[in-house]
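Novice: Here it is, the structure in full.
The values are calculated or read from the model by the stated rules, or taken from the named source; none is laboratory data. In this text the structure is predicted, and so the values were computed from the model without any measurement. With ideal geometry, Cβ positions are generated from the backbone for all residues, glycine too; neighbour counts draw on all protein chains shown. Accessible surface is based on the protein model in full, side chains and every heavy atom, while ligands, DNA and RNA are left aside. Shrake-Rupley method; radii C 1.70, N 1.55, O 1.52, S 1.80 Å.
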Amino acid sequence: MTTAVEATSAAGASIGRVVDLDLSGAWCIDPSTGRQGAADLVVTDGVIASLTWLEAGDGGATDDQGLVVAPGFIDLHAHLREPGNEGAETIASGLAAAAHGGFTTVCAMPNTTPPIDRAAMVAAARAAAAASGSPVTLLAYGAATLGRAGEQLAPLGELADAGVVGFSDDGSPVHRAELFRNALAYAGMLGLPIVDHPENLDLTAGAEANDGLAATVLGLKGWPGAAESSAVARDLALLAEVVQDVPSARLHLTHLSTAASIEHVRRAKTAGLPVTCDVTPHHLALTDEWLAGARRWAWEALDADGRARDPWRDAALVAAPYDSALRVNPPLRSPVDARACLAGLLDGTIDAFATDHAPHTEVDKDVEFGLAKPGIAGIETALGVLLELVDAGLVPLARLVEALTTGPARALGVGGNPGFAAGSLADLVVFDRTDRWLVDAASLRTRGHGNPLSGRQLPGRVLLTVAGGRLAFEAPEAG
Ligand code: DOR
């Protein structure tokens, strides 16, 4: 079997050029049909010319292939910081980072400075994306409340007309329940979801780290899981009422991190409520023991009975404590919560991965733990972290791809129909899942500082990202 990436355009390796591609024998995963296997894929003038499966059935569905082709990933949650904090990220640098991570569609959160709460700001974000030359699709959320101040609704109709894909005050919840209820109803009438950051602010003032052993030992102020699950429960209770009057109301809960939150959503879905949710790679794979200096994956920190192991007793602390790169909202949780997120992914309670790519400048990040801005700029390391779950035998590769493509597409109606339909524009990522790469400042495109995986080797080097038929990223050695 020959396996080759041949980007054969004569125009050279410039970003944005229309791609011709002849991939023979790579492992293709098509979540739109549920099929995977070795295949030949031909792209001509940016359009899928043919996909020819080399074996009958699902090709044995083995996960141990090297070169993998999947539809381009869709990120439901990224912070691109423009306008207002271009030292941390610009739309151009964020889209370059996305392409390096295999993402071809990025939904940008509106917590910029000022926040994206008017149509003109949506247009400015689009113009910056176009000016960047990146073919990665930028989709925008509008703020749910004016100025994200949580006092009155943003002009939702104006923002909808401007093409936003939903409304969110992410970074903050919509704290006032009555306002949240109205936001759900009005957004629903416009056919758009509310994307809520579930956090009960009454429980998180000054909070620094997941309320647990690590926070106690490190002297960090605890951030209870109930701060999230009680907000989830409130949101769902309001949704249940709002859909009586506005059946088109929809709620998407982002970056869920606790077992109790997942269980609330599971029940709500069973009851037929129009709710979807996502989880970040870091909440699946990293845990609060990392704050103390552990560096084992979440699933390695559980004992045979599914209880969290004690990293002190295990002598598992290998790094310095208080790494501010690990400060994130919601905080890294316990291994038991991470396992519950995994269970939610496997049973379909969780619809999608979302990176919550949250870049910060060095001055905002490289400071004392409790003073650091929360956020992990993880859009480039998402695939590698998630492949660690596949390599550990915890998630089938096809489910991983689904939750990066059709999952987010269906949850929020964004990104079209990810797949390889002949005649459609090529939108895909090629990665070598056996090729490990070193995460360091030189390898990353984001301007954001402080990736907690820095210095680690991750599996799944992205070789090529094609968005809308155009080159979005090509690894230097793959050309
Ligand atoms: O860690 C986070 N960072 N969580 C959020 O909800 C907001 C984000 C940011 O904007 O930095």
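Novice: Which whole-Hz couplings ³J(HN,Hα) result when phi for each residue of segment 431-438 is put into the Karplus expression 6.51 cos²θ - 1.76 cosθ + 1.60, θ = phi - 60°, listed in order with x for Gly and Pro?
Specialist: 9, 9, 6, 8, 8, 8, 10, 8
Novice: Using a 1.4 Å probe on the protein heavy atoms, what percent of the accessible area of segment 389-473 belongs to carbon and sulfur?
Specialist: That fraction is 47 percent.
Novice: Residues with amide H under 5 Å of Arg447's amide H, sequence separation 5 or more or different chain, H placed in the peptide plane at 1.01 Å from N; which?
Specialist: Correct list: Thr90.
Novice: A follow-up question, please. Would you mind pulling out the separation of the Cα centroids of segment 249-311 and segment 375-416, in Å?
Specialist: Between the Cα centre of segment 249-311 and that of segment 375-416, the gap is 15 Å.
Novice: Using a 10 Å Cβ count of at most 13 others and DSSP loop calls, identify the longest part of the chain lacking such GluC sites (Glu not before Pro).
Specialist: Answer - 152-367.
Novice: If you don't mind, there's one more thing I want to ask. Shape of segment 416-479 from its Cα gyration tensor (a ≥ b ≥ c, root eigenvalues): rounded if a/c is under 1.5, otherwise prolate when a/b > b/c, or oblate?
Specialist: prolate
Novice: I would also like to ask the following. Keeping all protein chains in position, work out how much accessible area Tyr141 exposes to a 1.4 Å probe, and write it in Å² to the nearest 10.
Specialist: 0
Novice: Turning to a different aspect of this structure: Go through segment 314-329 residue by residue and turn each phi into a ³J(HN,Hα) via Karplus (6.51, -1.76, 1.60, θ = phi - 60°); whole Hz please, and just put x for glycine and proline.
Specialist: 7, 6, 9, 8, 10, 10, 5, x, 6, 5, 5, 4, 8, 6, 7, 10
Novice: Accessible area per residue for segment 288-383 in Å², computed with a 1.4 Å probe and the full protein assembly in place, what is it?
Specialist: Value returned for segment 288-383: 37 Å² of accessible area per residue.
Novice: Which whole-Hz ³J(HN,Hα) couplings does segment 411-422 yield from phi under the Karplus relation 6.51 cos²θ - 1.76 cosθ + 1.60, θ = phi - 60°, glycine and proline marked x?
Specialist: Per-residue couplings from phi come out as 4, 10, x, 10, x, x, 10, x, x, 10, 4, 4 Hz.
Novice: So, with +1 on the Cβ of K and R and -1 on the Cβ of D and E, and no other charges, what is the size of the charge dipole of segment 385-479 about its Cα centre, to the nearest 20 debye?
Specialist: That gives a dipole near 220 debye.
Novice: If the viscosity is 1.002 mPa s and the temperature 20 °C, what Stokes-Einstein diffusion coefficient in µm²/s follows for segment 338-387 when Rh is the Kirkwood radius over Cα pairs?
Specialist: Diffusion coefficient, whole number: 167 µm²/s.
Novice: While we're looking at this one, here's another question. For the chain, which DSSP H helices look membrane-span-like by this rule: Cα extent along the axis of 15 Å or more and mean Kyte-Doolittle of at least 1.0?
Specialist: Result, helices passing both filters: 119-132, 335-346.
Novice: On a straight-distance basis, which lysines could pair with Lys365 in a cross-link, Cα separation under 24 angstrom, same-chain partners fewer than 8 positions away excluded?
Specialist: Qualifying lysines at Cα under 24 Å: Lys221, Lys373.
Novice: Would you mind checking which residues have amide H under 5 Å from Thr276's amide H? H placed 1.01 Å from N; only 5 or more apart, or other chain.
Specialist: Placed amide hydrogens put Leu251, His252, Leu253 under 5 Å from Thr276.
Novice: Still on this structure: Considering amide H positions built from the backbone, and no H for Pro or chain starts, which residues 5 or more places from Gly25, or on another chain, come under 5 Å of its amide H?
Specialist: Result for Gly25 returns Ala39, Asp40, Leu41.
Novice: What is the magnitude of the charge dipole of the chain about its Cα centre, with +1 placed on the Cβ of each Lys and Arg, -1 on the Cβ of each Asp and Glu, and no other charges, expressed in debye to the nearest 20?
Specialist: Taking the Cα centre of the chain as origin, the dipole is about 380 debye.
Novice: Regarding the chain, what's the average projected area of the Cα-atom convex hull, expressed in nm²?
Specialist: 21.1
Novice: Ok, one more. Leaving out ligands, DNA and RNA but keeping every protein chain, what accessible area does His449 have, in Å² rounded to the nearest 10, with a 1.4 Å probe?
Specialist: Ignoring ligands and nucleic acids, His449 comes out at about 80 Å².
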